[in-house]
Structures are given as C-alpha cells and as structure tokens.
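Enquirer: Dropping a structure here in structure tokens format, bear with me for questions.
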Amino acid sequence: MLKSLSISNYALIDKVEVTFDGGLTVITGETGAGKSVLLGALSLILGQRSDVNALLNKEQKCVVEGEFYIGNYGLLDFFNEHDVDYEEVTIIRRELLPSGKSRAFVNDTPVNLGFLKSISAQLIDVHSQHQNLLLDDNGFHRMVVDTLAGNKTLLEEYRINYVAYKALQKEIEELIAENEKQKADLDYMQFQFEQLDSAKLQNGEQEEQEQLLEQLSHAEEIKMNLVEVVNNLSQEPAPVLGLLTDSVNKLGRIANYLPDGEELIQRLESARIDLKDLADDIEARSEDLDYNPELIQQVQERLNLIYSLQQKHRVDSVEKLMALRDELGQAIDKVNFFDDELKAKQGKLQQLEKELVKAGKAITKSRTGVFELVKSNIEKQLQTLGIPHANFVIQHQVSKHFTNDGVDEIEFLFSGNKGGRPSPINKVASGGEISRVMLSIKSLLSSSKGLPTIIFDEIDTGVSGEVADQMGGIMAQMGNSMQVISITHLPQITVKGDHHFKVFKTDEAEKTISNIRKLSHEDRVVEVAKMLSGSTLSEAAIENARSLLNN
C-alpha cells in the first residue's frame with residue numbers, strides 16, 4: 001500500500017508531500033491543475049524513463065520518494081534474491097540530476113530501473129486512459145484469464161520446457177545447416193586432414209630440426225674445433241690434464257708441511273677428474289660428428305614440408321598445425337556421425353514436445369474452466385454500469401504451434417446492443433463503453449492479483465449520471481479489499497471516496513506552482529458543489545453536494 005508520496009522540483013511541483021490511507025481515495029482538480037503531474041512523478045519511482053526537461057529548476061535535482069507498506073505481500077524472497085534490504089515499510093526514491101542522469105534507491109540501496117519495474121509491478125497497477133488500448137491486445141486478454149485461473153505455476157513449468165524446446169530446435173537447424181556446408185567441403189577437408197596427418201607432426205620438432213640442420217651444416221667446423229679442444233686437454237706436448245697430474249704429485253710432496261695440504265690435493269684432483277670426463281665427452285662427440293650430405297637433405301626436406309604447411313594454412317608453429325589437424329578430424333567425424341547426432345537431438349525434441357503438449361493441455365483446461373466465470377462477472381458488472389444487453393464473449397482457439405504462453409488463442413468480443421454480433425471491443429464499443437468494460441475487468445482482476453494498490457486515471461471518461469455513480473460504487477467496493485486511488489472529474493465518483501485530495505495551481509512571482517491538499521468534509525461539500533454547478537455556487541448545489549456526501 002502506498003503510504004506517502006514526496007515530490008520536489010518536478011514539472012509544476014516545487015515541493016509536495018502527500019499521505020495516503022486505505023480504501024478509496026479520490027483526487028480532483030481543474031483541467032491543467034497538475035493531476036497528471038502527480039502520476040508523472042509517481043512513474044519515476046515505478047521505473048519509467050526520466051526526462052531532464054521535467055525539472056522545475058534546471059539547476060537543482062528532482063527527488064521523488066514513495067513509502068510503501070509491503071509486509072503482507074510475500075516479497076522477502078524477491079528482495080533477498082536481488083540483495084536489497086527488506087523492510088515492511090519500504091522507501092523507494094528516484095533522483096533526477098540536472099545532467100540528465102538519474103539514480104534509484106530502495107531502502108537506501110542503489111538499484112537499477114529493471115528492479116524498480118519488477119517491484120512496482122507487484123505493488124501498484126496504474127490504469128490511465130491509454131491502457132484501454134490493451135483491449136486490442138490478445139496478450140492482455142490471455143493474461144486476464146490466466147490471472148483468474150491462477151495459472152502462474154503452470155505457465156512457469158510450461159515455459160521452462162518451451163525455452164528448452166526452442167533452443168533445441170535452433171540447435172537442430174544449425175546442425176543441419178552446418179552439416180550441409182561441411183558435406184560440400186568434405187572432400188577438401190579430408191584432403192587437408194590427410195595431408196596434415198601423413199606429416200606425422202610432433203610437438204617441438206621444428207625447433208629440433210632447425211637446430212640439427214644448423215649443426216649438420218657446420219659439421220666440419222665444429223669437428224675441427226672439438227679436436228683442438230681435446231688436443232689442448234690431453235694430446236699436446238704439454239696437455240692441461242698432464243699439467244694437473246704433475247701439480248697433484250707436487251702438492252703431495254709438500255702436503256705434510258701445509259695445514260690444508262690434503263684439501264688442496266683433493267680440490268686439484270677433483271678438477272683434474274672433471275676435465276678428464278669433459279675431454280672424453282668432447283672426444284666422443286668429435287668422433288660421432290661427420291659431414292653427412294644425405295642427412296642434411298633429409299632434415300631440409302622435413303623442414304621444407306613444415307614450412308610449406310605453415311604457409312598454406314597461415315600459421316606459425318607445428319603446434320597450430322596439429323591443432324588444425326585435430327579440428328579437421330573432428331569436423332569430418334561430425335559429418336560422418338551426423339545422422340547419429342541428429343537422431344539423438346530429435347529424440348530429445350520429441351520428448352520435450354510431449355511435455356509441452358501435456359502442459360499445454362493442462363493450461364487450456366485451466367483457462368477454459370474460468371471462461372464462464374469471466375463472462376458472467378463482466379456481463380453482470382456491465383449491466384450494473386448501464387449496459388443491460390451486454391454480451392461478453394471469450395473466443396478461443398487451440399493453435400497448432402507452441403508459443404511462450406501456451407497453445408491458446410484468446411480474444412475478448414463484445415456487443416452492447418440487444419441481438420448485436422459480438423466483435424473486437426475497440427471496433428464496436430464507444431469510449432464510455434470501453435471505460436466500463438475495462439473497469440469491470442480491473443475489478444475482477446483486483447481480487448485475484450492481490451495487488452496492494454490500483455490507481456485509476458480518469459477511467460470515467462465518456463460516462464456520467466447513474467453510470468458514473470455505479471462506477472464509483474465499484475471503486476468503493478474494490479477499496480474494501482485494497483487501496484484504490486481515482487483521479488476523476490465526476491462528482492458521482494468523488495462522493496464515493498473515503499478520502500479526498502484537491503490539486504490546484506497558484507501563481508507566484510515568476511512561476512506557476514501546482515500543489516495538493518487533503519479536504520475536510522466541508523471543503524469536500526464546496527468542491528463537489530463546484531463540480532455539480534460550476535464556479536458559481538448556489539445553495540441548491542451546496543445542499544445537493546452535502547446530500548450526496550452524506551449518503
């Protein structure tokens with residue numbers, strides 16, 4: 001329930017604070033006084049788009065803040081799911097900055113407009129005149145039926161399978177298209193794969209082959225230098241190893257005279273052994289290394305194959321060639337095993353289709369089960385509202401195709417004349433009849449949707465007299481179970497209100513300001529009298545207004 005609304009620096013409003021109660025609240029005021037401005041400001045905290053042109057003072061920010069009691073509406077899980085602090089009395093605030101940017105907060109937690117729209121849809125239904133266009137929308141007709149049938153859970157379960165069904169359909173379509181393309185390219189892919197596969201590529205082999213080629217190409221130079229190193233270590237007249245051996249012997253003669261003589265001998269002997277091992281290794285390498293033109297040619301041919309494959313496939317490594325080979329292999333396998341994969345997916349699709357058929361039938365049964373309830377209730381309301389021969393028909397067909405909302409095509413048809421042929425509402429109904437049909441639907445929905453608040457913005461357009469009185473009675477009756485706010489210009493509806501606010505304009509030094517105040521009983525008498533007789537009040541109008549309010 002909307003407990004209060006605070007608005008500052010919005011359109012014609014400088015600063016306004018309004019406190020609301022339960023039951024039926026009516027808001028009146030002259031045309032242009034600013035009644036629509038209130039709804040415009042409210043729409044900001046309901047998640048609608050903002051417009052910097054709405055700022056009264058272009059250099060200051062606009063702030064709209066609403067206080068809602070939400071304790072009885074099971075919204076705790078919704079708040080927890082979105083990591084927003086839950087309070088039974090929740091404050092929603094929207095700020096519009098001079099820069100054009102806007103910010104939104106729920107209980108001082110920053111939120112996005114998507115959250116505002118989601119939460120507001122569970123708190124307030126704002127019905128303005130343009131919403132009558134919903135009577136042209138078959139989706140709205142279906143929503144009315146689903147709400148009264150309580151189909152929320154059935155639809156959620158159905159839509160889970162529907163989403164999976166559509167996704168799998170798309171997968172199958174893409175699989176078939178891809179297969180057709182790959183079948184056309186199969187011979188070429190097979191050729192590329194076999195060429196890469198026959199190359200027997202191995203990780204790191206390019207670097208190894210390039211290093212081997214470098215070594216083989218310089219074999220004579222390498223061998224000559226290795227032999228010289230061996231000679232220096234062990235073959236020359238004064239080899240390094242011979243000198244080290246002699247040094248070890250000489251240290252042995254004087255070891256007893258030195259404190260660390262044995263240690264010096266061991267270190268020198270260790271160096272001699274290491275050099276001996278190194279000399280043997282170098283000698284072995286020099287013996288194994290010979291200039292081999294045939295081996296050079298083999299390595300060169302292997303590298304030429306690798307280079308040509310890299311150039312052909314526009315990659316720069318053997319590893320990427322191997323990855324491409326594997327991809328080609330998988331693509332070829334996919335073509336070869338296409339029938340098996342397609343059959344498996346089609347099997348899953350058939351199973352989902354069975355689930356959708358079953359769920360669709362359950363939804364259809366639930367929907368058709370409330371058709372008579374919808375028809376009888378709306379016709380009864382319309383008769384009360386001055387359409388005695390109202391004929392409200394729900395036209396229903398079962399589609400051959402699944403949709404996100406099931407398989408039912410539902411359309412509301414209407415005739416207001418005796419013997420008239422029911423047709424789409426907006427084609428045969430007058431403006432006043434449309435307003436009455438929509439009010440009847442909203443009245444029927446209000447008990448089922450469980451919304452805390454509904455706001456009617458001049459839904460009474462095109463009606464007057466006894467019909468207006470009956471419309472006010474319906475709103476008052478709705479107010480027994482929920483908060484109803486009606487912006488109206490009809491006295492017959494105004495007098496039905498439990499609370500009455502008046503919107504008015506005042507001229508200040510440099511601007512015109514809209515304001516709103518709650519009327520006392522006597523103030524209401526005067527306001528209703530003006531609505532009955534115009535600006536010139538008569539005693540008869542005063543007494544008539546007083547009588548209407550007292551009744």
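Enquirer: Are any residues in segment 12-26 under 37 Å from the mean Cα position of the chain (by Cα) and within 18 Å of MET531 (Cβ to Cβ), and if so, which ones? Before the answer, list the steps.
Expert: Step one: filter segment 12-26 for residues under 37 Å from the mean Cα position of the chain (by Cα), giving 12-25.
Passing the criteria: LEU24, THR25.
Enquirer: A further question on this structure: Within 23 Å of the chain's Cα centre (by Cα), basic (Lys, Arg), surrounded by fewer than 16 Cβ atoms within 10 Å (Cβ to Cβ) and at pLDDT below 90: is that true of ARG103 in this structure? Steps first, answer last, please.
Expert: On the way: within 23 Å of the chain's Cα centre (by Cα): yes; basic (Lys, Arg): yes; surrounded by fewer than 16 Cβ atoms within 10 Å (Cβ to Cβ): yes; at pLDDT below 90: no.
No: the conditions fail for ARG103.
Enquirer: Name the residues in segment 1-50 that are in contact with a strand residue (DSSP E or B) (Cβ under 8 Å, 6 or more places away or on another chain) and among the charged types (D, E, K, R), would you?
Expert: Across segment 1-50, the qualifying residues are LYS3, ASP14, LYS15, GLU17, ASP21, GLU30, LYS35.
Enquirer: Continuing with this model, one more query. Taking ASN417 as meeting all but one of (1) in contact with an Asp or Glu (Cβ under 8 Å, 6 or more places away or on another chain); (2) closer than 22 Å to SER464 by Cα, write down the number of the exception.
Expert: In the conditions (1) in contact with an Asp or Glu (Cβ under 8 Å, 6 or more places away or on another chain); (2) closer than 22 Å to SER464 by Cα, ASN417 misses (1) alone.
Enquirer: Hey, another quick one. Being without any contact (Cβ under 8 Å) to a residue 40 or more places away in the chain and closer than 19 Å to PHE371 by Cβ is the filter here; which residues of segment 424-463 pass it?
Expert: Listed by number, the list holds a single entry, SER447.
Enquirer: I need a count of the residues in segment 429-445 that are under 15 Å from GLY479 (Cα atoms), surrounded by 21 or more Cβ atoms within 10 Å (Cβ to Cβ) and hydroxyl-bearing (Ser, Thr, Tyr).
Expert: Restricting attention to segment 429-445, the residues satisfying the condition of being under 15 Å from GLY479 (Cα atoms) are 439-440, 442-445.
Within this subset, residues satisfying the condition of being surrounded by 21 or more Cβ atoms within 10 Å (Cβ to Cβ) are 439-440, 442.
Checking which are hydroxyl-bearing (Ser, Thr, Tyr) leaves us with 440.
Number of matching residues: 1.
Enquirer: Return the only residue of LYS511, LYS530 being without any contact (Cβ under 8 Å) to a residue 40 or more places away in the chain, farther than 17 Å from GLY23 by Cα and more than 41 Å from the chain's Cα centre (by Cα).
Expert: LYS530
Enquirer: Please tell me if LEU278 is modelled with pLDDT under 75 and either over 30 Å from GLU180 (Cα atoms) or charged (D, E, K, R) (or both). Quick ask: steps written out before the conclusion?
Expert: Values: modelled with pLDDT under 75: no; either over 30 Å from GLU180 (Cα atoms) or charged (D, E, K, R) (or both): yes.
In short, no.
Enquirer: Still on this structure, please answer the following. If you go through segment 289-311 one residue at a time, do you hit one that is part of a helix (DSSP H, G or I), at pLDDT below 80, small (Gly, Ala, Ser) and at negative phi? Show your work before the answer.
Expert: Initially, segment 289-311 is screened for residues part of a helix (DSSP H, G or I), giving 293-311.
Subset that is at pLDDT below 80: 293-296, 299.
With the extra rule that they be small (Gly, Ala, Ser), the set shrinks to none.
Scanning segment 289-311 turns up no residue that is part of a helix (DSSP H, G or I), at pLDDT below 80, small (Gly, Ala, Ser) and at negative phi.
Enquirer: Going through GLU543, GLU527 one at a time, which residue ends up being loosely packed, with under 15 Cβ neighbours inside 10 Å and among the acidic types (Asp, Glu)? Show your work before the answer.
Expert: On the way: GLU527 fails: loosely packed, with under 15 Cβ neighbours inside 10 Å.
None of the other options fit; the residue is GLU543.
Enquirer: Are any residues in segment 132-175 small (Gly, Ala, Ser), closer than 26 Å to LYS348 by Cβ and surrounded by 14 or more Cβ atoms within 10 Å (Cβ to Cβ), and if so, which ones? Please lay out each step first, then the result.
Expert: Keep residues of segment 132-175 that are small (Gly, Ala, Ser), which gives 139, 149-150, 164, 167.
Of the ones still in play, those that are also closer than 26 Å to LYS348 by Cβ are 164, 167.
The answer is ALA164, and nothing else.
Enquirer: Going through PHE371, PHE392 one at a time, which residue ends up being more than 23 Å from ARG159 (Cβ to Cβ), among the aromatic types (Phe, Trp, Tyr) and more than 31 Å from the chain's Cα centre (by Cα)? If you could, list the steps in order and put the result at the bottom.
Expert: Details: PHE371 fails: more than 23 Å from ARG159 (Cβ to Cβ).
Only one candidate qualifies: PHE392.
Enquirer: Name the residues in segment 4-38 that are in contact with an Asp or Glu (Cβ under 6 Å, 6 or more places away or on another chain) and more than 15 Å from ARG517 (Cα to Cα), would you?
Expert: Answer for segment 4-38, where residues must be in contact with an Asp or Glu (Cβ under 6 Å, 6 or more places away or on another chain) and more than 15 Å from ARG517 (Cα to Cα): GLY23, LEU24.
Enquirer: If you check GLU17, GLU30, GLU67, which single one turns out to be closer than 28 Å to GLN492 by Cα, of a type in the set (Asp, Glu) and assigned to a strand (DSSP E or B)?
Expert: GLU17
Enquirer: Also, I was wondering about something else. Quick one: what pairs do we get from segment 1-13, first residue closer than 13 Å to GLY34 by Cα, second buried (at least 20 other Cβ atoms within 10 Å of the Cβ) and among the charged types (D, E, K, R), C-beta under 7 Å, 6+ apart or different chains?
Expert: Sorted first by the residue in segment 1-13, then by its partner, the list stays empty.
Enquirer: OK, next. Output the number of the condition that ASN480 fails; it satisfies all remaining conditions of (1) assigned to a helix (DSSP H, G or I); (2) over 21 Å from SER36 (Cβ atoms).
Expert: Failed condition: (1).
Enquirer: Just checking, does segment 57-72 include any residue being of a type in the set (Gly, Ala, Ser) and on the phi > 0 side of the Ramachandran plot?
Expert: Just the residues of segment 57-72 that are of a type in the set (Gly, Ala, Ser), to begin with: 66, 71.
Keeping just the survivors that are on the phi > 0 side of the Ramachandran plot gives none.
Looking through segment 57-72, none of the residues is of a type in the set (Gly, Ala, Ser) and on the phi > 0 side of the Ramachandran plot.
Enquirer: Does segment 395-422 hold any residues that are more than 38 Å from the chain's Cα centre (by Cα) and among the polar types (S, T, N, Q), and which are they?
Expert: First pass over segment 395-422, keeping only residues more than 38 Å from the chain's Cα centre (by Cα): 415-422.
If the condition is that a residue be more than 38 Å from the chain's Cα centre (by Cα) and among the polar types (S, T, N, Q), then SER415, ASN417 are the ones that fit.
Enquirer: Here is a further query. Going residue by residue through segment 368-379, is there one that turns out to be free of Cβ contacts under 8 Å to residues at least 12 places away in the same chain and within 29 Å of MET478 (Cα to Cα)?
Expert: Of segment 368-379, the ones free of Cβ contacts under 8 Å to residues at least 12 places away in the same chain are 372, 376.
From the residues that got through so far, the ones that are within 29 Å of MET478 (Cα to Cα) too are 372, 376.
Yes, some residue in segment 368-379 is free of Cβ contacts under 8 Å to residues at least 12 places away in the same chain and within 29 Å of MET478 (Cα to Cα).
Residues are listed down the side, and each one gets a yes or a no for (1) over 29 Å from SER486 (Cβ atoms); (2) in contact (Cβ under 8 Å) with a residue 12 or more places away in the chain; (3) assigned by TED's automatic domain parsing to the domain that holds GLN483:
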residue: LEU56; (1), (2), (3): no, yes, yes
residue: GLN60; (1), (2), (3): yes, yes, yes
residue: LEU75; (1), (2), (3): no, yes, yes
residue: PHE78; (1), (2), (3): no, yes, yes
residue: ARG94; (1), (2), (3): no, yes, yes
residue: LYS101; (1), (2), (3): yes, no, yes
residue: ALA104; (1), (2), (3): no, yes, yes
residue: PRO110; (1), (2), (3): yes, no, yes
residue: PHE115; (1), (2), (3): no, yes, yes
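Enquirer: Let me confirm something: among GLY473, GLY497, GLY462, which residue is farther than 17 Å from HIS127 by Cα and in a loop (DSSP other than H, G, I, E, B)?
Expert: Values: GLY473 fails: in a loop (DSSP other than H, G, I, E, B); GLY462 fails: farther than 17 Å from HIS127 by Cα.
Testing whether each residue is farther than 17 Å from HIS127 by Cα and in a loop (DSSP other than H, G, I, E, B) leaves just GLY497.
Enquirer: Return yes or no: is PHE68 surrounded by 20 or more Cβ atoms within 10 Å (Cβ to Cβ) and either farther than 26 Å from GLN477 by Cβ or assigned by TED's automatic domain parsing to the domain that holds ALA476 (or both)? Walk me through how you get there before you give the answer.
Expert: Numbers: surrounded by 20 or more Cβ atoms within 10 Å (Cβ to Cβ): yes; either farther than 26 Å from GLN477 by Cβ or assigned by TED's automatic domain parsing to the domain that holds ALA476 (or both): yes.
The answer is yes for PHE68.
The values are calculated or read from the model by the stated rules, or taken from the named source; none is laboratory data. As the structure is a computational prediction, the values presented were derived from the model and not from experiment. Virtual Cβ from ideal backbone geometry, glycine too; neighbours counted across all protein chains shown.
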